[in-house]
Ligand code: PMP
């Protein structure tokens, strides 16, 4: 495994950054998780566009421009010779002093890791999964906009712990107003009367690449797909529900907080979307 750090490649055991890096000290940084399918990087431009938006929002100036970043990712994939895998692109504020002041960090750290993908069991896709609603609320857009894909995942991790304590893979997170935002590492969709509904960015959802891909596929299939404010009631009474994410792709949900969704099996529209996504 060859890991890219600031323009150089290192073996796994030598790929190290400073303990003074503000990514470590304060979670001051951003990242992207990207898939490689059949040797090709999936939606790289879309991921990089989101990365540069995250950087802009936190006033992090990147040492590479868009084309250079694209080249660095593709070069790291090539060197690692992966036909199927996962790319973790991380940008931290860089090395600084022990205080939080970002101005003490002279240059951002760019890290690119290409690894195998940890796939979920096929059963999740065939039978669907049960999820719960977390008691922890998604950080509100006026505190730290969830559209910023930052290295601060403690909010999500607290909700993930609740999911795990309940024996579930995922948990729904509500925003401060009580509307559905997203899951801890996935976006959420429901199907109601043949229409796809999913929370918007201002509801507290990440602008998911898989979410956008599903919206696009829905359009191609002639289905209506809209962003909408959703409550727990909307989830419980949905005809179908599924989660989307780079790692998860599309996972059907069959139970939320003990309420059976639809007939308790992955829905027909969900299955159609999975089929199209896998093409
Ligand atoms: N929400 C959160 C909080 C995430 O971390 C992710 C990425 N794992 C997603 C949604 C899904 O986004 P994407 O489809 O771009 O992976």
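If only residues of the range 175-190 that are within 15 Å of residue 234 (Cα to Cα) and surrounded by 24 or more Cβ atoms within 10 Å (Cβ to Cβ) are counted, the one that is farthest from the ligand (Cβ to nearest atom) is 190.
Checking the stated criteria, residue 69 turns out not to satisfy the condition of being under 23 Å from the mean Cα position of the chain (by Cα), at positive phi and not assigned by TED's automatic domain parsing to the domain that holds residue 150.
Every test in (1) more than 17 Å from residue 90 (Cα to Cα); (2) modelled with pLDDT of 95 or more; (3) within 17 Å of the chain's Cα centre (by Cα); (4) away from the ligand (no atom under 12 Å from the Cβ) is passed by residue 118 save one, and that test is (2). Checking every residue in the range 205-217 against the condition of being touching a residue at least 12 places away in the same chain (Cβ under 8 Å), surrounded by fewer than 16 Cβ atoms within 10 Å (Cβ to Cβ) and touching a strand residue (DSSP E or B) at 6+ places or on another chain (Cβ under 7 Å) gives zero matches. In the set 202, 143, only one residue is loosely packed, with under 14 Cβ neighbours inside 10 Å and either over 30 Å from residue 76 (Cα atoms) or more than 15 Å from the ligand (Cβ to nearest atom) (or both); that residue is 143.
Among the conditions (1) under 15 Å from residue 110 (Cβ atoms); (2) surrounded by fewer than 17 Cβ atoms within 10 Å (Cβ to Cβ), the only one that residue 48 does not satisfy is (2). Is one or more of the residues making up the range 215-222 more than 15 Å from the ligand (Cβ to nearest atom) and either in a loop (DSSP other than H, G, I, E, B) or closer than 29 Å to residue 116 by Cβ (or both)? The answer is yes, given that some residue of the range 215-222 is more than 15 Å from the ligand (Cβ to nearest atom) and either in a loop (DSSP other than H, G, I, E, B) or closer than 29 Å to residue 116 by Cβ (or both). Out of 35, 45, one residue alone is assigned by TED's automatic domain parsing to the domain that holds residue 14 and either under 30 Å from residue 168 (Cβ atoms) or at pLDDT below 95 (or both). It is 35. Hey, any hits in the range 239-259 for a residue that's more than 21 Å from residue 43 (Cβ to Cβ), part of a helix (DSSP H, G or I) and assigned by TED's automatic domain parsing to the domain that holds residue 137? Scanning the range 239-259, I find no residue that is more than 21 Å from residue 43 (Cβ to Cβ), part of a helix (DSSP H, G or I) and assigned by TED's automatic domain parsing to the domain that holds residue 137, so the answer is no.
The values are calculated or read from the model by the stated rules, or taken from the named source; none is laboratory data. Given the structure is predicted, the values throughout are model-derived calculations rather than measurements. Ideal geometry is used to build each Cβ from the backbone, glycine not excepted, and the neighbour counts take in all protein chains shown.
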